[in-house]
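Chemist: Structure incoming, see below.
The values are calculated or read from the model by the stated rules, or taken from the named source; none is laboratory data. Quick caveat, the model's predicted, so the values are computed rather than measured. Here the Cβ positions follow ideal geometry from the backbone for every residue, glycine too, while neighbour counts run over all protein chains shown. Protein only, heavy atoms only, side chains kept; ligands, DNA and RNA dropped before computing areas. Shrake-Rupley method; radii C 1.70, N 1.55, O 1.52, S 1.80 Å.
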Amino acid sequence: AQHQHTFQRPQQHLESCKWRPPAPRLACAIDETEEQQPVSEAQAPNEETDPQPWPSRWEGPHGCAGRYCLFANKGFARGRGIVAITTTQNVERLKRIEKEEYPPDEKPQPDSPPPYVVAEVEGKGLGLLANKTLHRGDTIMKKTPAMLVHRAFFESVAVAPQSQDALLDSAVALLPPPLRKEFLAQMGGSPSAILATNSFQMDIGSGSGDGHHYGNFPEVSRLNHDCRPNAAFHIGADLAHTTMAARDVDPRTELAISYIDPLLPRAARQQRIRHAWDFACGCALCSSSHKAADKSDARLREIARIEAALADFTDESVTARVLGRLVQLYADERLDASVAGAYTLVALNYNMLGDARSAQRYARLAHEALLVEKGPGHGDLAEMAELARSPRAHFTWRARVRR
Ligand SMILES: C[S@@+](CC[C@H](N)C(=O)[O-])C[C@H]1O[C@@H](n2cnc3c(N)ncnc32)[C@H](O)[C@@H]1O
């Protein structure tokens with residue numbers, strides 16, 4: 001699974017982002033209410049009391065709206081469960097992923113106690129607070145989705161809003177009770193509003209088309225937004241959403257992720273947050289003085305300028321001093337959760353300038369940051385490992401000096 005590209009920076013940064021279904025709906029070509037077969041709770045007897053974990057078994061379709069049908073697997077990912085509103089082709093993909101990533105003969109790791117507690121956070125509703133000291137790279141949580149909904153289910157004019165709501169209600173009813181409780185406890189109210197406030201875009205087709213879904217991970221949904229977050233996240237080919245500490249965190253400190261591109265200037269960040277989630281960001285940077293915000297925006301502009309130069313092999317302004325300046329700007333901006341792309345560029349550019357030691361140093365840092373921000377499946381990892389191993393054999397060696 002890959003994250004949705006919402007913006008493109010020089011090093012092909014990928015961003016996972018949250019979403020909001022399009023509203024208001026303008027047209028409904030076909031009302032498919034009649035195709036709905038809402039699933040009642042009565043169809044799952046004894047599930048509240050049954051101590052046995054559910055076996056992994058895909059069932060459905062339990063009703064359809066247009067090409068999108070409801071499928072459920074109460075035993076998905078070694079007993080966690082999942083529901084999906086998607087196409088039959090994508091269910092086959094989910095089956096393949098489960099077979100490869102969650103083989104039934106492999107014992108699940110016992111869950112270690114979470115390094116956070118859920119608590120009220122002033123001005124933000126509930127949030128997550130660290131309950132111990134965390135270090136950069138520590139895993140905060142790793143969760144598979146409770147619900148996957150094909151993006152076009154919300155966008156297709158062939159699916160009427162009533163059909164959407166009926167199928168979403170049925171989907172919730174098919175979740176195993178503990179996960180259903182977690183799902184319904186999320187901020188939002190109705191299932192569609194819960195999805196609008198708390199979902200991540202993900203591609204379950206590895207970019208091969210029609211795999212674009214909204215993924216809902218109820219435990220992850222308690223993470224509030226911060227423009228300079230102390231946690232980073234990625235969604236892997238195993239569908240799991242992993243949140244990791246991006247810097248050292250003291251106990252009782254709130255854990256937060258960025259819902260948006262943190263490199264946007266303050267006004268654009270706030271506008272995106274307002275537009276997509278309808279809240280005024282109360283993070284420390286957004287609440288800072290005009291003077292501090294202006295300084296931050298000036299640093300972001302300088303970052304953009306330098307990164308454009310680094311990505312242009314013909315740009316002659318690139319020197320070791322410029323590379324050092326970029327690293328300093330990221331540190332000053334506290335962009336600990338978004339440094340992988342910058343370190344990658346810096347590593348490649350040191351190599352292009354013929355400084356093998358610095359290239360190796362930043363290739364190692366980029367490798368570490370890619371694991372935190374993008375996960376072990378990211379394509380640049382091999383490149384950075386190669387550069388760290390033998391900078392002089394890398395195609396970038398002295399590329400700027402040779403010109
Ligand atoms: C994904 S939920 C996060 C958890 C949520 N606070 C809760 O109680 O479940 C997103 C919602 O949390 C609140 N929120 C998140 N980050 C915030 C921030 N930086 N400032 C103010 N409110 C925030 C907003 O109400 C937003 O719609």
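Chemist: Kindly evaluate THR344 against the criterion of being in a helix (DSSP H, G or I) and closer than 20 Å to GLU373 by Cα.
Modeler: Judged against the criteria, THR344 is a match.
Chemist: If the requirement is being over 15 Å from the mean Cα position of the chain (by Cα), open to solvent by 30 Å² or more (accessible area, probe 1.4 Å) and either within 16 Å of the ligand (Cβ to nearest atom) or closer than 22 Å to HIS62 by Cα (or both), which of these qualifies: GLY188, GLY211, GLY207?
Modeler: GLY188
Chemist: Let me ask another. Mind listing whichever residues of the range 74-96 are assigned to a loop (DSSP other than H, G, I, E, B) and in contact with a His (Cβ under 9 Å, 6 or more places away or on another chain)?
Modeler: THR87
Chemist: Output yes when any residue across the range 109-118 is of a type in the set (Phe, Trp, Tyr), under 28 Å from ALA280 (Cα atoms) and within 16 Å of the ligand (Cβ to nearest atom), and no when none is.
Modeler: Checked the range 109-118: at least one residue is of a type in the set (Phe, Trp, Tyr), under 28 Å from ALA280 (Cα atoms) and within 16 Å of the ligand (Cβ to nearest atom).
Chemist: Looking at PRO177, is it within 16 Å of VAL83 (Cβ to Cβ) and away from the ligand (no atom under 16 Å from the Cβ)?
Modeler: So PRO177 fits the description; yes.
Chemist: Could I ask something else about it? Going residue by residue through the range 317-327, is there one that turns out to be polar (S, T, N, Q), open to solvent by less than 10 Å² (accessible area, probe 1.4 Å), under 30 Å from ARG392 (Cβ atoms) and not assigned by TED's automatic domain parsing to the domain that holds HIS135?
Modeler: Checking the range 317-327: not a single residue is polar (S, T, N, Q), open to solvent by less than 10 Å² (accessible area, probe 1.4 Å), under 30 Å from ARG392 (Cβ atoms) and not assigned by TED's automatic domain parsing to the domain that holds HIS135.
Chemist: Does at least one position in the range 234-253 carry a residue that is open to solvent by 40 Å² or more (accessible area, probe 1.4 Å), among the hydroxyl-bearing types (Ser, Thr, Tyr) and either touching a Lys or Arg at 6+ places or on another chain (Cβ under 9 Å) or within 30 Å of PHE183 (Cα to Cα) (or both)?
Modeler: Yes, the range 234-253 has at least one match.
Chemist: Let me ask something else. Mind telling me which of the residues LYS107, LYS99 ends up being at pLDDT below 95, in contact with a helix residue (DSSP H, G or I) (Cβ under 9 Å, 6 or more places away or on another chain) and either of a type outside the set (A, V, I, L, M) or outside any helix (DSSP H, G or I) (or both)?
Modeler: Just a single option satisfies the conditions, and that option is LYS107.
Chemist: Given (1) over 11 Å from the mean Cα position of the chain (by Cα); (2) buried (at least 20 other Cβ atoms within 10 Å of the Cβ); (3) in a loop (DSSP other than H, G, I, E, B); (4) more than 11 Å from the ligand (Cβ to nearest atom), where does PRO229 come up short, assuming only one miss?
Modeler: That leaves (4) as the condition not met.
Chemist: Does the range 82-89 contain any residue that is in contact (Cβ under 8 Å) with a residue 40 or more places away in the chain, surrounded by fewer than 22 Cβ atoms within 10 Å (Cβ to Cβ) and in contact with a Phe, Trp or Tyr (Cβ under 7 Å, 6 or more places away or on another chain)?
Modeler: Checked the range 82-89: at least one residue is in contact (Cβ under 8 Å) with a residue 40 or more places away in the chain, surrounded by fewer than 22 Cβ atoms within 10 Å (Cβ to Cβ) and in contact with a Phe, Trp or Tyr (Cβ under 7 Å, 6 or more places away or on another chain).
Chemist: Continuing with this model, one more query. Cβ contacts < 8 Å: first residue more than 10 Å from the ligand (Cβ to nearest atom), restricted to the range 255-283; second residue among the hydroxyl-bearing types (Ser, Thr, Tyr), any location; separation 6+ or different chain. Result?
Modeler: Pairs that qualify, where the first residue is more than 10 Å from the ligand (Cβ to nearest atom) and the partner is among the hydroxyl-bearing types (Ser, Thr, Tyr), are LEU255/TYR116; LEU255/THR243; ASP261/THR6; PRO262/SER338; LEU263/SER338; ARG266/SER296.
Chemist: Could you go through the range 371-390 and let me know if any residue there is touching a Gly at 6+ places or on another chain (Cβ under 9 Å), open to solvent by less than 10 Å² (accessible area, probe 1.4 Å) and either closer than 26 Å to GLU316 by Cβ or of a type outside the set (Lys, Arg) (or both).
Modeler: Yes, the range 371-390 has at least one match.
Chemist: Another question about this same structure. When you check TYR362 against the structure, is it under 22 Å from HIS135 (Cβ atoms) and either crowded, with 22+ Cβ neighbours inside 10 Å or among the hydrophobic types (A, V, I, L, M, F, W, C) (or both), yes or no?
Modeler: Yes.
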